[in-house]
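> What follows is a structure written as structure tokens; I'll ask about it next.
The values are calculated or read from the model by the stated rules, or taken from the named source; none is laboratory data. Please read these numbers as outputs of a predicted model, since none were measured by experiment. Please note: Cβ atoms are built from the backbone with ideal geometry, for glycine as well, and neighbour counts cover all protein chains shown. Side chains are part of the model used for accessible areas, which takes the heavy atoms of the whole protein and leaves out ligands, DNA and RNA. Shrake-Rupley method; radii C 1.70, N 1.55, O 1.52, S 1.80 Å.
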Amino acid sequence: MLKKLSIVAFAAALVAAPLPVLAQSKKDSVVMAMALEPPGLDPTIAAAAAIAEVTLYNIYETLTKINEDGSVSPLLAESWTASADLKTYTFKLRKGVKFQNGEVFDSAAVKFSFERNAIATSTNKDKSLFQAFEKVDAPDADTVVISVKYSEPNLPFLLGQASGSIVEPKSAGTNGTQPVGTGPYQLGAWAKGSSITLNKWADYRNAAAIKLSKVTIRFISDPAAQTAALLSGDVDAFPRVAAARAIGQFKADPRFNVMVGGSRAKTIVGINERKKPLDDVRVRRAILAAIDRKAMIDGAADGFGTPIGSFYVPGALGYVDTTGINPYDPEKAKKLLAEAGVTTPLELSLKLPPPSYARLGGEILAAQLAKVGIIAKIENVEWAQWLSQVFAGNGPHNFDLTIVSHVEPIDLVKITEPDYYLGYNNEAFNALYKQIVATPDEAGRAKLLGDAQRMLATDAVAGFLYQPQLITITNKKLKGVWKDIPQYENDFSTWSWE
């Protein structure tokens, strides 16, 4: 009897216990998915956007932070000032910051990072920016002064990109596989070909504000598998998902939040102008005249794109519509090839990286080119092969045509780089770009930027296709995921469950 009474009393005590004792704690982990696996985890030595999608603002931090609306706010720098000519910037650094290996963050680390990005052997995707620094001074531990060779009104924005990540000097050489930063997350595990796990760093300076203790990032390249992973609940969020054909199904399902956002990306047909007959502007114009942009957007991006005619997108300062300079006109394409003395069929290689927009777009492009006498021989390559064979600054640039989406928001300077994969080396354009960056007033820059866009379109530097509209699908209860994408990133410090 006593035993029975004690059990009843224990049960009564449980019922009377305060609710927080029995309540489940709020979910603090998330499973996100990406289409591509990064080739490494150091964004300062490679161009792949997938590196930034994992590491930027999570493992590594930058002096400034680019927000969803494209504005710039302080991060490792508490504040900054610029000289009247926009050639000298002084950054005041945040105090009390540590790297994940225990080393102190200070101006020496910033100086090391930026000078490392500028050396001759650097493979930083924005190497030209850091080489434009006249000098980087560290007058004291909390101050960095950057002197630029020309006026650069966008410097605070540019330094918020992954290429400007601040690395700890002792660990810099192994960051590709053992990343060390100042951010709120550390690498937990990397199952190659499958997933990456990030764990909240307990010693982060503002750890209490970070709501997710664990983030698992899965790699799912196939569009059908992406849709299935979301519908099954195996994945909580998929930024930039290739689920356009299933978007209606997700919108009708109350479990999901569907966001269609803008980007500053530019999807193009890259043309290797180092090779004959592609060095002839008439041949490049023929290629552009053979391309039906609308059919490309409908077939490769399921209609989620805005046509562009230059290496620039709507919404950017000084944008002008240049799609009318090289309109779709197959008959004109044939005439241009004949004028250039090209005997058809002309065989060209078409190397395609893994994203579905490239593979699907490549099939559409090949069919369109065939109608004007150009045979595009498709070669599907893995991302690492594409980077080394097509894009790498030191060559071999072993391609004729390719399709890729350039996701960086302010990268017109790339066209001026002599080793850039397109091979467009035009002194007139380079001089115009120098004039742009030397013009501090916004209205003057906007006009010159319009001139630059028209020059690139007239010279048919590439087959400019479209500005992608990006789809992000998340669990309805997951908050803080971005709709608009000024640059490719996933800032997990803003994510939380309601």
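> Out of the residues in the range 111-121 that are open to solvent by 20 Å² or more (accessible area, probe 1.4 Å) and among the small types (Gly, Ala, Ser), which is modelled with the lowest pLDDT?
Across the range 111-121, the extreme among qualifying residues is Ala120.
> Kindly provide the set of residues from the range 243-267 that are of a type in the set (D, E, K, R), at pLDDT 90 or above and over 17 Å from the mean Cα position of the chain (by Cα), ordered by number.
The answer is Lys251, Asp253, Arg255.
> Under the condition of being in contact (Cβ under 8 Å) with a residue 40 or more places away in the chain and out of contact with any Gly (no Cβ under 9 Å at 6 or more places or on another chain), which residue from the range 262-281 is farthest from Ala340 (Cα to Cα)?
The qualifying residue farthest from Ala340 (Cα to Cα) is Ser263.
> Could you tell me whether any residue of the range 215-238 is touching a Gly at 6+ places or on another chain (Cβ under 6 Å), under 16 Å from Glu53 (Cα atoms), open to solvent by 50 Å² or more (accessible area, probe 1.4 Å) and assigned to a strand (DSSP E or B)?
No, that holds for no residue.
> In addition: Against the definition (outside any helix (DSSP H, G or I), buried (at least 23 other Cβ atoms within 10 Å of the Cβ) and either aliphatic (A, V, I, L, M) or modelled with pLDDT under 95 (or both)), how does Val136 come out, yes or no?
Taking the combined requirement at face value, the residue does not satisfy it.
> Here are Lys125, Lys92: which of them is open to solvent by 10 Å² or more (accessible area, probe 1.4 Å), not in a loop (DSSP other than H, G, I, E, B) and not aromatic (Phe, Trp, Tyr)?
Answer to the check: Lys92.
> Look at Arg293 and say whether it is among the charged types (D, E, K, R), modelled with pLDDT of 95 or more and more than 26 Å from the chain's Cα centre (by Cα).
Spelling it out, it is not the case that Arg293 is among the charged types (D, E, K, R), modelled with pLDDT of 95 or more and more than 26 Å from the chain's Cα centre (by Cα).
> So, of the residues in the range 68-83 that are exposed (fewer than 15 other Cβ atoms within 10 Å of the Cβ) and either out of contact with any Lys or Arg (no Cβ under 9 Å at 6 or more places or on another chain) or at pLDDT below 95 (or both), which turns out to be nearest to Thr494 (Cα to Cα)?
Ranking the candidates gives Asp69 first.
> Would you mention how many residues in the range 356-386 are within 13 Å of Ile403 (Cα to Cα), open to solvent by less than 20 Å² (accessible area, probe 1.4 Å) and touching a residue at least 60 places away in the same chain (Cβ under 8 Å)?
Count: 2.
> Would you be able to tell me the number of residues in the range 174-185 that are surrounded by fewer than 19 Cβ atoms within 10 Å (Cβ to Cβ) and either assigned to a loop (DSSP other than H, G, I, E, B) or under 21 Å from the mean Cα position of the chain (by Cα) (or both)? Steps first, please.
So the first thing to find is which residues in the range 174-185 are surrounded by fewer than 19 Cβ atoms within 10 Å (Cβ to Cβ), and the list is 174, 176-178.
Cutting the leftovers down to either assigned to a loop (DSSP other than H, G, I, E, B) or under 21 Å from the mean Cα position of the chain (by Cα) (or both) gives us 176-178.
Of the residues in the range 174-185, 3 are surrounded by fewer than 19 Cβ atoms within 10 Å (Cβ to Cβ) and either assigned to a loop (DSSP other than H, G, I, E, B) or under 21 Å from the mean Cα position of the chain (by Cα) (or both).
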